[in-house]
Each structure stands twice: as structure tokens, then as C-alpha cells.
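Everything below concerns the one structure shown next.
The values are calculated or read from the model by the stated rules, or taken from the named source; none is laboratory data. Bear in mind that the values here come from a model prediction, so they are computed numbers and not experimental data. Neighbour counts run over all protein chains shown; Cβ positions are idealised from the backbone, glycine included.
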Amino acid sequence: MAKQIFINLPVKDLNRSKEFFSKLGFTFNEQFSDDKAACLVLGDNIFSMLLTEPFFKGFTKKEISDATQSTEVLIAIDAESREKVDEMVRKAVEAGGSSYMAPQDHDWMYQHSFADPDGHQWEIMYMDESAMPQG
């Protein structure tokens, strides 16, 4: 079982990405950050490494996807409430991101989405596990 998760994402402008996620209330682990990478803290053991595109290319033989044109991954994170879901999407749009889908209400689960300035898609969700359908 993994002890930590690191999601690596290519970014065009590292400073812009750091500023964007800071405006959403996220912090960075400076121990794993430099001028080529920033370690975005998503949770106690969950991180996203924001890597400049040239640095990211050193880890793969494939072309880097243009996340504004195609989707390779959906990053889903939870929030404390429905209100916090909407608040994060609102902050993301105000900080230069975009909302790419309308909110989805599934009674026990509520989700809304935003794309960061590089086009990576983030699904923000609140789940009321006590209301989950039993099956």
C-alpha cells in the first residue's frame, strides 16, 4: 500500500501555477520545490508536483498532452461541504481558471469542476456517506 501519492503535472508557467493554487488556499512544500518544480500539498500524504514542461519531458518518452485540447486525467479531491465545493470553484475562476461543467447533484454526492490555467481538470466533490445508496 502506498504511503504517499505524487501526481505529476506539466505546467507552462510555474510561478503562474503557484500563484493560482495559492489563491485557492493550497500551500507548497518548499523542501520539494525549486525553479523547475513546486510541490503542491493536497492533503497529509497527497501532493501534486507541478513541473515545468522541459523538466517534465525528462521523465517521459511520450509527447506532453495539451490539457486545453484533450483530457488525460481528472483529478478528484474532496471538500468539507457543498458550500466549500462551490467556493473552491468560484476562487479558481476568479484566479484565472475556468469552470468547465455545471455542478452535479447526486443527492449523496455533489461535485463541481474547474480547469487550472494549464487546462488540467479538477473535480471537487462533497460526499455524504450516511446518505449513500446501500447496495
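Here is a list of conditions, (1) modelled with pLDDT under 95; (2) within 13 Å of residue 17 (Cα to Cα), and residue 71 meets all of them except one; can you say which number that is?
That leaves (2) as the condition not met.
Tally the residues that are within 17 Å of the chain's Cα centre (by Cα), among the polar types (S, T, N, Q) and farther than 17 Å from residue 7 by Cα, restricting the search to the stretch 100-124.
Matching residues across the stretch 100-124 total 2.
Is one or more of the residues making up the stretch 69-76 in contact (Cβ under 8 Å) with a residue 24 or more places away in the chain, surrounded by 14 or more Cβ atoms within 10 Å (Cβ to Cβ) and in the same structural domain as residue 122 (by TED's automatic domain parsing)?
Yes - at least one qualifying residue is present in the stretch 69-76.
Examine the stretch 26-38 for a residue that is outside the structural domain of residue 132 (by TED's automatic domain parsing), assigned to a loop (DSSP other than H, G, I, E, B) and either within 30 Å of residue 132 (Cα to Cα) or touching a residue at least 40 places away in the same chain (Cβ under 8 Å) (or both), and state whether such a residue exists.
yes
Residue under question is residue 77, and the condition is that it be under 14 Å from residue 21 (Cβ atoms), in contact with a helix residue (DSSP H, G or I) (Cβ under 8 Å, 6 or more places away or on another chain), aliphatic (A, V, I, L, M) and not in a loop (DSSP other than H, G, I, E, B); does it hold?
It is false that residue 77 is under 14 Å from residue 21 (Cβ atoms), in contact with a helix residue (DSSP H, G or I) (Cβ under 8 Å, 6 or more places away or on another chain), aliphatic (A, V, I, L, M) and not in a loop (DSSP other than H, G, I, E, B).
If I filter the stretch 80-91 for residues that are assigned to a helix (DSSP H, G or I), under 12 Å from the mean Cα position of the chain (by Cα) and outside the structural domain of residue 8 (by TED's automatic domain parsing), do I get at least one hit?
Scanning the stretch 80-91 turns up at least one residue that is assigned to a helix (DSSP H, G or I), under 12 Å from the mean Cα position of the chain (by Cα) and outside the structural domain of residue 8 (by TED's automatic domain parsing).
Which of the following residues is in contact with a Pro (Cβ under 7 Å, 6 or more places away or on another chain) and of a type in the set (A, V, I, L, M): 64, 75, 46?
64
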